Amino acid sequence: LSAETDIVQGREAAASLLVLLEGFIRSDPENPALRRAAAQAYGSFAFGFLEKDEPERARRLYRRGLDHGLRALGAAPGFQKAVKGALPAFRRRLEASNKKDLPLLFWTAYCWSGWINLSRNDPDALADLPKAAAMMDRARALDPKYFHGGPELFFGVYYGSRSPLLGGDPKKARAHFERAVAASGGRFLMAKFLYARHYAVQSQDKKLFIQLLTEVETAPAGLLPDQALANALARKRARELREQAEELF
């Protein structure tokens, strides 16, 4: 699916995959690999196809992905208690996780943060942000280059999408984005798109904005075959974002 080059076909295949995974999970509800796959599928579908035009549906699907991830993580001793407790205890419990837990930690945190981002009128959801960030921070400690620099990309957006008054930190954001881009040798184009969208716009760096979008739009086909769909989406979004340049700067 991730190697699909056609966006419309990719969306249709992704929707079918969600239905298929839910069927497998009903037959084997305690299978953590299926729950992890569902978290990844729901998170990727919500981000790739729904956030812009169907944010409420995206929010619901992020929540479903989060629930699958937390269900799988909850099988580990002490995790259910920790996730409901105070942040310091949650961080300590995360320290017990290891490399084999990395995919589940990453995709659960990915869905968690997506759900929170689209639930900004819900104080309970916003209160969970430090825990989602703590989970992704543990994933970053285990392997910052996982999924083409995904943990670094998360924190680039985390620090770059907000003003300093609201917890943003442009210096940290840029460092995280640079490491995220470097993780794939610049081949995972979504990293450059998000760098432009969240750092260059927030910092009002139009030169960097144009540079990054141009690199995305002119990147050759077949640059990263196993992420062809994500790269196709990045090119589409880069073209759309460039059209907004006058109102953004």
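The values are calculated or read from the model by the stated rules, or taken from the named source; none is laboratory data. As the structure is a computational prediction, the values presented were derived from the model and not from experiment. Please note: Cβ atoms are built from the backbone with ideal geometry, for glycine as well, and neighbour counts cover all protein chains shown. Surface accessibility is based on the protein's heavy atoms, side chains included, excluding ligands, DNA and RNA. Shrake-Rupley method; radii C 1.70, N 1.55, O 1.52, S 1.80 Å.
Give me a count of the residues in segment 25-43 that are under 24 Å from Pro151 (Cβ atoms) and touching a residue at least 40 places away in the same chain (Cβ under 8 Å).
Counting residues in segment 25-43 that are under 24 Å from Pro151 (Cβ atoms) and touching a residue at least 40 places away in the same chain (Cβ under 8 Å) gives 7.
Can you find even one residue in segment 99-106 that is over 27 Å from Ala15 (Cα atoms) and among the charged types (D, E, K, R)?
Within segment 99-106, the subset over 27 Å from Ala15 (Cα atoms) is 99-100.
So of that shortlist, the ones also among the charged types (D, E, K, R) come out as 99-100.
Looking through segment 99-106, at least one residue is over 27 Å from Ala15 (Cα atoms) and among the charged types (D, E, K, R).
Identify all residues within segment 85-121 that are over 22 Å from Tyr42 (Cβ atoms), assigned to a helix (DSSP H, G or I) and among the charged types (D, E, K, R); write none if there are none.
Arg91, Arg92, Arg93, Lys99 - these are the residues of segment 85-121 that are over 22 Å from Tyr42 (Cβ atoms), assigned to a helix (DSSP H, G or I) and among the charged types (D, E, K, R).
Got a sec? Which of Ser97, Ser16 is small (Gly, Ala, Ser) and farther than 23 Å from Ala133 by Cα?
Ser16
Among residues belonging to segment 185-218 that are open to solvent by less than 10 Å² (accessible area, probe 1.4 Å) and aromatic (Phe, Trp, Tyr), point out the one that is nearest to Lys52 (Cα to Cα).
Tyr195
Starting from segment 150-171, keep only residues that are touching a residue at least 24 places away in the same chain (Cβ under 8 Å), then list their pairs with residues that are open to solvent by 30 Å² or more (accessible area, probe 1.4 Å) and hydroxyl-bearing (Ser, Thr, Tyr) whose Cβ atoms are within a distance under 6 Å, requiring at least 6 positions of separation or different chains.
Hits for this filter: Gly168/Tyr159; Pro170/Ser203.
So the check is Cβ under 6 Å with 6+ separation or different chains; which pairs have a first residue in segment 188-215 that's in contact (Cβ under 8 Å) with a residue 40 or more places away in the chain and of a type in the set (A, V, I, L, M) and a second one that's open to solvent by 10 Å² or more (accessible area, probe 1.4 Å) and part of a loop (DSSP other than H, G, I, E, B)?
These pairs meet every condition: Leu189/Ala219.
Hey, Gly65 hits all of (1) open to solvent by 10 Å² or more (accessible area, probe 1.4 Å); (2) under 12 Å from Leu104 (Cα atoms); (3) free of Cβ contacts under 8 Å to residues at least 60 places away in the same chain but one; which does it fall short on?
Here Gly65 meets the rest and fails (1).
Residue by residue through segment 9-20, note down the ones that are under 20 Å from the mean Cα position of the chain (by Cα) and either under 17 Å from Asp67 (Cβ atoms) or not in a helix (DSSP H, G or I) (or both).
Leu18
Does Trp112 fit the bill of being in contact (Cβ under 8 Å) with a residue 60 or more places away in the chain, under 22 Å from His198 (Cβ atoms), open to solvent by less than 20 Å² (accessible area, probe 1.4 Å) and within 14 Å of the chain's Cα centre (by Cα)?
Criteria not met by Trp112.
Report yes if Asp124 is among the charged types (D, E, K, R), open to solvent by 70 Å² or more (accessible area, probe 1.4 Å) and more than 18 Å from the chain's Cα centre (by Cα), otherwise no.
When the stated conditions are applied, Asp124 passes them.
Lys99: under 16 Å from the mean Cα position of the chain (by Cα) and loosely packed, with under 15 Cβ neighbours inside 10 Å, yes or no?
The answer is no for Lys99.
Ala76 fails exactly one of the following numbered conditions: (1) part of a loop (DSSP other than H, G, I, E, B); (2) open to solvent by 50 Å² or more (accessible area, probe 1.4 Å). What is the number of that condition?
So the condition that Ala76 fails would be (2).
Inside segment 172-187, can you point out the residues that are touching a residue at least 24 places away in the same chain (Cβ under 8 Å) and at negative phi?
Result: Ala173, Arg174, His176, Phe177, Arg179, Ala180, Val181, Ala182, Ala183, Ser184, Arg187.
Is at least one residue of segment 191-199 farther than 23 Å from Asp143 by Cα and outside any helix (DSSP H, G or I)?
There is no residue in segment 191-199 that is farther than 23 Å from Asp143 by Cα and outside any helix (DSSP H, G or I).
Look at Ser27 and say whether it is out of contact with any Lys or Arg (no Cβ under 9 Å at 6 or more places or on another chain), modelled with pLDDT of 95 or more, among the hydroxyl-bearing types (Ser, Thr, Tyr) and open to solvent by 50 Å² or more (accessible area, probe 1.4 Å). Break it down stepwise before answering.
Working: out of contact with any Lys or Arg (no Cβ under 9 Å at 6 or more places or on another chain): yes; modelled with pLDDT of 95 or more: yes; among the hydroxyl-bearing types (Ser, Thr, Tyr): yes; open to solvent by 50 Å² or more (accessible area, probe 1.4 Å): yes.
Taking the combined requirement at face value, the residue satisfies it.
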